[in-house]
Structure formats: structure tokens, C-alpha cells
Amino acid sequence: MAAPLPLVSLIARGLEPYGADLFIGGAAAARDLDLLRRHGISTVVNCAVNVDVNYVAAPAQDGGDGESSGLCRAGLAPFRVYKLGLVDGDNPAGMMLGGYCILRGAIHQTMPEKESYPRQVNGNVLVHCREGRSRSVALAALYLHLRDPARFPELEDAIAVVREKRGLPPEEWFEAPNPQLIDAAAEAARAIRSLRDLGILAA
């Protein structure tokens, strides 16, 4: 049985452009609103296809109550939420690249100053999957590798640091993250560098 991990783990501090701290956690952390608030988390990136969290706290005028209408609730959540549906194994080509773009966008995005965008604070960011052992570790490591190649010249350098900061026991490293996710992250890194060279993606 896998060793228990902290609910959330601090992975990186002061990410540009807003000085966000990056955390990894599992579904238990993603569901704990008080925990997220205590860590100053304003943005949640859910990278798991099989974990969905209903954050809707203030249904929109036409959002329904999700009970009597037969429609799901829609409306405002206490955090900005981004979703990527990775499986803990083999994913279609390009999904990890898409995950990088989603995570980078979540960290860099500025909200328009409109009434319909009330969550203006650019706080800290949580990346989560079911347990915070594999999918979220691979995605966070990919982001750090591409963000800071001087510190993480190889993807494995970033994975090693994320494993340590997440508290993954060494006996789990052969499967955490899943080797197929590591391969997908390496492929995404190569593609992203090529797209940057062509001026299609920003550094």
C-alpha cells in the first residue's frame, strides 16, 4: 500500500508574473476549501479525468439548483478552476503539451475588470490529480523544467525535485510518476521548445 502523503506540498515559490507559489495535492486537498484558503490558493488545475469537484457556491441566475430542474448547477466558484483530463498511463499525443499550456495560462492569466469576472486575485496555484503522486507530479515537473532550464536542464532534474518536495518515497519512484507520463512530458518538452523557436508559444 502506498505511503500517505501530505494533503498539499509546496513545490515552488514566487512564480512569475504574479509571484505565485505552486502546490501539489490530491482530491482530498482540492475538496478542502479551508485548506486552500489557508494556503492562499486562488487557482486550481485539475489534471485528472476521473476526479471532478463541484465548486459552485453561487449559482448563476440561470444556473439552476441541480436538484429539481434535472440540470447541473452552474455559476461562480470560490476559485478559478482549470481542467485537464489525463489518465494515469498512456494518453493521446499532445495532451501533456496541452496540460503545460493550461498550467502556464493559469499562472499567467489576468482577469478582465468586469462584473462577470469577480475573482481578480492572482494567488497561489494547486495542481492536483487523485492522490498527487503521478499526473500532477509529471505536469508540475514539465512546467518547472521549461520555466527554469538553468536549474532544471533535464526533465528528470525537475521530476527529482518535485518527487522530493511532494514527499514521494524512493520505493515508489519507479511508478510515480507513471513512466508513460514521463515519456509524454519529455515529448511535450521537445514540442514546446520547437514551438517557442518558431515564435508560436511564448517562453
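Output the number of the condition that residue 136 fails; it satisfies all remaining conditions of (1) among the polar types (S, T, N, Q); (2) touching a residue at least 40 places away in the same chain (Cβ under 8 Å); (3) loosely packed, with under 15 Cβ neighbours inside 10 Å. That leaves (3) as the condition not met. A count restricted to region 88-97 and to residues that are crowded, with 17+ Cβ neighbours inside 10 Å, of a type outside the set (Asp, Glu) and farther than 16 Å from residue 191 by Cβ stands at 0. Summed over region 113-149, residues that are polar (S, T, N, Q), over 11 Å from the mean Cα position of the chain (by Cα) and within 22 Å of residue 176 (Cβ to Cβ) total 1. A count restricted to region 88-132 and to residues that are basic (Lys, Arg), in contact (Cβ under 8 Å) with a residue 60 or more places away in the chain and more than 17 Å from residue 76 (Cα to Cα) stands at 1. Within region 186-203, can you find the residues that are closer than 21 Å to residue 12 by Cβ and either among the hydrophobic types (A, V, I, L, M, F, W, C) or touching a residue at least 60 places away in the same chain (Cβ under 8 Å) (or both)? Once the filter is applied, which keeps residues that are closer than 21 Å to residue 12 by Cβ and either among the hydrophobic types (A, V, I, L, M, F, W, C) or touching a residue at least 60 places away in the same chain (Cβ under 8 Å) (or both), region 186-203 yields 186, 188, 189, 192, 201, 202, 203. Within region 70-112, the set of residues being closer than 17 Å to residue 178 by Cα, in a loop (DSSP other than H, G, I, E, B) and of a type outside the set (S, T, N, Q) comprises 87, 88, 89, 90, 92, 93, 94. The residues in region 167-185 that are of a type outside the set (A, V, I, L, M, F, W, C), assigned to a helix (DSSP H, G or I) and without any contact (Cβ under 8 Å) to a residue 60 or more places away in the chain can be counted, and the count is 4. Among the residues of region 1-51, write down those that are acidic (Asp, Glu) and within 13 Å of the chain's Cα centre (by Cα). Selection gives 21 alone. Scanning region 139-167 for residues being buried (at least 24 other Cβ atoms within 10 Å of the Cβ) and more than 22 Å from residue 49 (Cα to Cα) gives a total of 2. Number of residues in region 16-40 that are of a type in the set (A, V, I, L, M) and over 20 Å from residue 167 (Cα atoms) equals 2. Scanning region 175-203 for residues that are over 15 Å from residue 144 (Cα atoms) and β-branched (Val, Ile, Thr) gives a single hit, 200.
Taking region 1-15 as the search range and keeping residues that are outside any strand (DSSP E or B) and free of Cβ contacts under 8 Å to residues at least 24 places away in the same chain, which one is nearest to residue 166 (Cα to Cα)? Ranking the qualifying residues of region 1-15, first place goes to 4. Please determine whether any residue of region 143-153 is more than 30 Å from residue 194 (Cα to Cα), modelled with pLDDT of 85 or more and of a type in the set (Phe, Trp, Tyr). Within region 143-153 (the criterion being more than 30 Å from residue 194 (Cα to Cα), modelled with pLDDT of 85 or more and of a type in the set (Phe, Trp, Tyr)), the answer is no, since none of the residues qualifies. Closer than 27 Å to residue 6 by Cα, in contact with a strand residue (DSSP E or B) (Cβ under 8 Å, 6 or more places away or on another chain), part of a helix (DSSP H, G or I) and β-branched (Val, Ile, Thr): does that describe residue 162? So residue 162 passes the test.
The values are calculated or read from the model by the stated rules, or taken from the named source; none is laboratory data. None of the values given here were measured: they were computed from a predicted structure. Reconstructed Cβ throughout: ideal geometry from the backbone, glycine too, with neighbour counts over all protein chains shown.
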